[in-house]
Amino acid sequence: MALRVSVLHADAQNKIEAHETPTPGYTNVDASATFHLSQGPEGDWDVSLVGTNLTDARERNAVSFTKDFVLQPGRTFKVMLHYIR
């Protein structure tokens, strides 16, 4: 089993030019767990559980031209099955 947790903190962007708008800060937490299901001569099977933006923070990319209109993706969960040959 493999576990991974990552935390990204972005400070608010308030040092702006005349044509820009401020961007609030956020903290993003991601986590994943991978479980090895089986190993055999034909290949290996793993299953991964992945969660992104677990705090469901309202994230805006400060360098994006569309930051005032488009949020980054919210909380997301995925289950992935891997076959490794």
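The values are calculated or read from the model by the stated rules, or taken from the named source; none is laboratory data. From a predicted model like this one, the values you see are computed outputs, not experimental measurements. In this analysis, Cβ positions are derived from the backbone assuming ideal geometry, glycine residues included, and neighbour counts consider all displayed protein chains. For accessibility, only protein heavy atoms count, side chains too; no ligands or nucleic acids. Shrake-Rupley method; radii C 1.70, N 1.55, O 1.52, S 1.80 Å.
Can you tell me which residue in the range 36-66 is surrounded by the most Cβ atoms within 10 Å (Cβ to Cβ), limited to those that are closer than 24 Å to Val7 by Cα and out of contact with any strand residue (DSSP E or B) (no Cβ under 6 Å at 6 or more places or on another chain)? Of everything passing the filter in the range 36-66, Asn61 is surrounded by the most Cβ atoms within 10 Å (Cβ to Cβ).
Can you tell me how many residues within the range 13-35 are closer than 22 Å to Leu3 by Cβ, of a type outside the set (Val, Ile, Thr) and open to solvent by 40 Å² or more (accessible area, probe 1.4 Å)? Break it down stepwise before answering.
Taking the range 13-35 as the starting set, the residues that turn out to be closer than 22 Å to Leu3 by Cβ are 27-35.
Imposing the further condition that a residue be of a type outside the set (Val, Ile, Thr) reduces the set to 28, 30-33, 35.
Adding the requirement that they be open to solvent by 40 Å² or more (accessible area, probe 1.4 Å) leaves 35.
The total comes to 1.
Residues in the range 68-77: is at least one within 16 Å of the chain's Cα centre (by Cα), open to solvent by 100 Å² or more (accessible area, probe 1.4 Å) and not small (Gly, Ala, Ser)? Within the range 68-77 (the criterion being within 16 Å of the chain's Cα centre (by Cα), open to solvent by 100 Å² or more (accessible area, probe 1.4 Å) and not small (Gly, Ala, Ser)), the answer is yes, since at least one residue qualifies. Could you say whether any residue in the range 34-49 is under 30 Å from Phe69 (Cα atoms) and among the aliphatic types (A, V, I, L, M)? No, every residue in the range 34-49 fails to be under 30 Å from Phe69 (Cα atoms) and among the aliphatic types (A, V, I, L, M).
Across the range 62-85, the number of residues qualifying as without any contact (Cβ under 8 Å) to a residue 24 or more places away in the chain and either β-branched (Val, Ile, Thr) or closer than 17 Å to Thr27 by Cα (or both) comes to 7.
Taking Val7, is it of a type in the set (A, V, I, L, M), open to solvent by less than 80 Å² (accessible area, probe 1.4 Å) and in a strand (DSSP E or B)? Write out each step before concluding.
Details: of a type in the set (A, V, I, L, M): yes; open to solvent by less than 80 Å² (accessible area, probe 1.4 Å): no; in a strand (DSSP E or B): yes.
So Val7 does not fit the description; no.
Restricting the range 13-67 to residues that are among the small types (Gly, Ala, Ser) and not in a loop (DSSP other than H, G, I, E, B) leaves a set whose member that is nearest to Arg85 (Cα to Cα) is Gly43.
Output the residues belonging to the range 1-45 that are among the small types (Gly, Ala, Ser) and over 24 Å from Gly74 (Cβ atoms). Walk me through it before giving the result.
To start, the set of residues in the range 1-45 that are among the small types (Gly, Ala, Ser) comprises 2, 6, 10, 12, 18, 25, 31-33, 38, 40, 43.
Correct list: Ala2, Ala18, Ser38, Gly40, Gly43.
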